[in-house]
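So the structure is just underneath, and the comments pick up after that.
The values are calculated or read from the model by the stated rules, or taken from the named source; none is laboratory data. Only a predicted model underlies this, so the values are computations on that prediction, with no experimental measurement involved. Neighbour counts run over all protein chains shown; Cβ positions are idealised from the backbone, glycine included.
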Amino acid sequence: MDYINIIKKMTLIHCARGPVRCNKCSKLEKQGEKYCLIKVFLKAGNIARPMTEIVLNNEKMLCEFDVVDVFKDKKDAEYYALKNGIMIIESRHFS
């Protein structure tokens, strides 16, 4: 398994530089947190991606991720999670 899918309540970002160093990321941060389906890579890749902290098998890991989808609201995220057996995490990402 090279990746896992999770739903995370988070502020959207545009790139790995984050809102402090990127104007597009800064604008997205002002929109507030959204429920996002993210693909979390368990092994480092060869491209720059934003990072998020997850706990897997009681071990904290800092992993790269890509946003796959953004849900309209919490109800839609919960429905998708239940239907697809995906965990929802309600915390912020690290950039």
Check: Taking region 70-86 on its own, how many of its residues are modelled with pLDDT under 95 and in contact with a helix residue (DSSP H, G or I) (Cβ under 9 Å, 6 or more places away or on another chain)?
Finding: 1
Margin query: Filter region 1-55 down to the residues that are under 21 Å from Ala77 (Cα atoms) and acidic (Asp, Glu) and list them by number.
Written below: Glu29, Glu33, Glu53
Margin query: Considering only residues that are surrounded by 18 or more Cβ atoms within 10 Å (Cβ to Cβ), closer than 18 Å to Glu90 by Cβ and of a type outside the set (Lys, Arg), which ones fall in region 7-49?
Written below: Ile7, Met10, Thr11, Leu12, Ile13, Glu29, Tyr35, Cys36, Leu37, Ile38, Val40
Item checked: Output for region 14-32, where each listed residue is in contact with a Ser or Thr (Cβ under 6 Å, 6 or more places away or on another chain) and either outside any helix (DSSP H, G or I) or not charged (D, E, K, R) (or both) -> Gly18, Pro19
Note to self: Can you report the number of residues in region 13-33 which are in contact with a helix residue (DSSP H, G or I) (Cβ under 6 Å, 6 or more places away or on another chain) and among the aliphatic types (A, V, I, L, M)?
What the structure shows: 1
Margin query: Under 6 Å between Cβ atoms, which residue pairs at least 6 apart in sequence (or on different chains) link something in region 33-44 that is under 16 Å from His14 (Cα atoms) and part of a strand (DSSP E or B) with a partner that is among the small types (Gly, Ala, Ser) and at pLDDT 95 or above?
Written below: Tyr35/Ala77
